[in-house]
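The values are calculated or read from the model by the stated rules, or taken from the named source; none is laboratory data. Values in this document were obtained by computation on a predicted structure and should not be read as measured data. Neighbour counts are summed over all protein chains in view; Cβ atoms, including those assigned to glycine, are modelled from backbone coordinates with ideal geometry.
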Amino acid sequence: MKRYVSTVALLIAPILACGDDDPTAPSGPVTFDVRIENVSAVFDFISSGVFDTPVGAGAPGPAGPGQTYSVEFDAPLGSNLSFATMFVQSNDLFYAPDGAGIALWNGTTPTSGDVTSQVDLWDAGTEVDEEPGVGANQAPRQGGANTGDADANASVRLATDDFGNLPAVTDVIRVTITPLGGTRFRLDIENVSTAGTLAVSTGGTVAVPLAPGVFVVHDGADPLFTVGAPASADGLEAVAEDGDVGALGDAIAANTGVTSPLAPGVFAIHAVDVMPLFIDGQPDLGGGLENLAEDGDPSFLAATLAANDDVASSGAFDTPEGAAGPGPAFPGDAYTFSFEASPGDYLSFATMFVQSNDLFFGPDSNGLSLFPGGNAVSGDVTADIDLWDGGTEVNEAPGIGSNQAPRQAGADTGADEGGDVRLEDDAFDYPATAATIRVTITPRN
């Protein structure tokens, strides 16, 4: 283990040790234990939202014949799209893909064009069916929301044409997916019905509006409903019966976000102003931070720190508590490491925010003071930790980009940025630092 003796340290150590005659101030080395915990939530959806305003309309409402709902979203490789929109002339019928959703990628090729063949008309199983276009408990005619009788067959199933007047899916709805470049897509849900699409027993025909709906991008099955099971209690009933997206929109929004592991990292003990990992506002120092920030590989940077005479001690942390071997720290996991430090020492560390191109967590380039006010730091220091951009690779949407560690074909595959190390400052949305990482330091003596 290296130790340095600097003029600054010799001058300030006596002051820190006995300033104000503080009997608790350490007079010699202190052993510290550090715990870096992944406190991020686990989300089922990476993108989601509601569509409630037809293109060109000034306010939310149904999409009548000739009108279209349109939404844009990002979707990672391998993900699927699901959505639900009400067949308004019914008690609880809705259009949606099946439980698997619509595949947005064929390998690395984005889905493009008309996908209506993958859309069906479903019965939510929450309300007794009446003749479409006639029933008194259907949205256009009912006195209020949720007024029909409960369906004895309380399960989601394909709609059946019990009254002989249900139009074909393609006579009412056209669904188109358009790739917009990178991981960006547009979903268009067009009402292609006419005033004569739905014939009714009372005579004549009626139009078939579509109601506001919801969409989710996912990588699992049955995000909105399970065929043969009751409609979930999170709001599908309101969508299917009344075109009300409020409850389900809120539920999917609460379950949408970036679930990010933390990657193995490095730490260094040093004097103030040494800045061994990076210098804020300057390009990467070339000692291995790029490998850590882009690919979660701490080995190069750990070797650089070990050879740095201005670093008192250093090391890597790569194995979560309780794990059998090195690997990422998923939500609920934590890395721990220990070191010895003396008054005047600072701690620097870095761990990759894995759902990114080159972002990492750590204190600023000066590091974290281990003896603020002369006393050993103790407790939660997350407030001093930030999300940094390594400046070496062009950023993509977090949790979605094809050149990010969980999805990229190999290390160092993204476009070079040639930028400076800086606090994260792009236009994408990231979870708050304290919602992803918790750093606790405990002095032993």
Pairs under 9 Å by beta carbon, first residue closer than 26 Å to residue 52 by Cβ and assigned by TED's automatic domain parsing to the domain that holds residue 69 in the stretch 195-210, partner exposed (fewer than 15 other Cβ atoms within 10 Å of the Cβ) and aromatic (Phe, Trp, Tyr), six or more apart or different chains? none
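For the structure I just gave you, tell me whether residue 246 is within 29 Å of residue 76 (Cα to Cα), small (Gly, Ala, Ser), without any contact (Cβ under 8 Å) to a residue 40 or more places away in the chain and crowded, with 17+ Cβ neighbours inside 10 Å.
So residue 246 fails the test.
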Considering only the stretch 414-445, state which residues are touching a strand residue (DSSP E or B) at 6+ places or on another chain (Cβ under 8 Å), more than 28 Å from residue 31 (Cα to Cα) and outside any strand (DSSP E or B). 414, 415, 417, 419, 421, 424, 425, 426, 430
Identify the single condition in (1) among the hydrophobic types (A, V, I, L, M, F, W, C); (2) modelled with pLDDT under 50; (3) exposed (fewer than 13 other Cβ atoms within 10 Å of the Cβ) that residue 42 does not satisfy, given that it satisfies every other one. (2)
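Tell me which residues, restricted to the stretch 29-61, are closer than 30 Å to residue 341 by Cβ, part of a loop (DSSP other than H, G, I, E, B) and under 27 Å from the mean Cα position of the chain (by Cα).
Matches in the stretch 29-61: 39, 40.
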Among the residues that make up the stretch 404-412, is at least one of them assigned to a loop (DSSP other than H, G, I, E, B), buried (at least 16 other Cβ atoms within 10 Å of the Cβ) and touching a Leu at 6+ places or on another chain (Cβ under 6 Å)? yes
Could you check, for the stretch 263-271, whether at least one of its residues is assigned by TED's automatic domain parsing to the domain that holds residue 84, assigned to a loop (DSSP other than H, G, I, E, B) and surrounded by 14 or more Cβ atoms within 10 Å (Cβ to Cβ)? no
Please indicate, with yes or no, whether at least one residue in the stretch 351-364 is within 18 Å of residue 317 (Cβ to Cβ), over 21 Å from the mean Cα position of the chain (by Cα), modelled with pLDDT under 95 and not in a strand (DSSP E or B). no
Of everything in the stretch 157-187, what is of a type in the set (A, V, I, L, M) and more than 31 Å from the chain's Cα centre (by Cα)? Give them in sequence order. 158, 159, 166, 168, 169, 172
Mind checking which pairs have a first residue in the stretch 311-339 that is within 18 Å of residue 259 (Cβ to Cβ) and a second that is charged (D, E, K, R) and at pLDDT 95 or above, Cβ under 6 Å, 6 or more apart or different chains? 320/333; 334/35; 334/37; 334/321
Only one of 196, 164, 143 is in contact with a strand residue (DSSP E or B) (Cβ under 8 Å, 6 or more places away or on another chain), more than 30 Å from residue 398 (Cβ to Cβ) and modelled with pLDDT under 95; which? 196
Residues (without any contact (Cβ under 8 Å) to a residue 12 or more places away in the chain and either under 30 Å from residue 338 (Cβ atoms) or surrounded by 15 or more Cβ atoms within 10 Å (Cβ to Cβ) (or both)) located in the stretch 413-445: 413, 432
Quick check on residue 154: is it surrounded by 19 or more Cβ atoms within 10 Å (Cβ to Cβ), in the same structural domain as residue 217 (by TED's automatic domain parsing) and within 35 Å of the chain's Cα centre (by Cα)? no
Selection count where residues are within 10 Å of residue 124 (Cα to Cα) and either touching a helix residue (DSSP H, G or I) at 6+ places or on another chain (Cβ under 8 Å) or part of a loop (DSSP other than H, G, I, E, B) (or both), scope the stretch 239-255: 1
Given (1) assigned to a loop (DSSP other than H, G, I, E, B); (2) crowded, with 19+ Cβ neighbours inside 10 Å, residue 220 misses just (2)
Criterion (buried (at least 23 other Cβ atoms within 10 Å of the Cβ), in contact (Cβ under 8 Å) with a residue 40 or more places away in the chain, more than 17 Å from residue 32 (Cβ to Cβ) and not aliphatic (A, V, I, L, M)) met by exactly one of 399, 362: 399
From the set of residues in the stretch 54-104 that are touching a residue at least 40 places away in the same chain (Cβ under 8 Å), touching a helix residue (DSSP H, G or I) at 6+ places or on another chain (Cβ under 6 Å) and not aliphatic (A, V, I, L, M), which is nearest to residue 223 (Cα to Cα)? 94
Does residue 232 satisfy being in contact (Cβ under 8 Å) with a residue 24 or more places away in the chain and of a type outside the set (D, E, K, R)? no
Looking at 316, 302, 334, 341, which one is farther than 24 Å from residue 402 by Cβ, surrounded by 17 or more Cβ atoms within 10 Å (Cβ to Cβ), touching a helix residue (DSSP H, G or I) at 6+ places or on another chain (Cβ under 8 Å) and hydrophobic (A, V, I, L, M, F, W, C)? 316
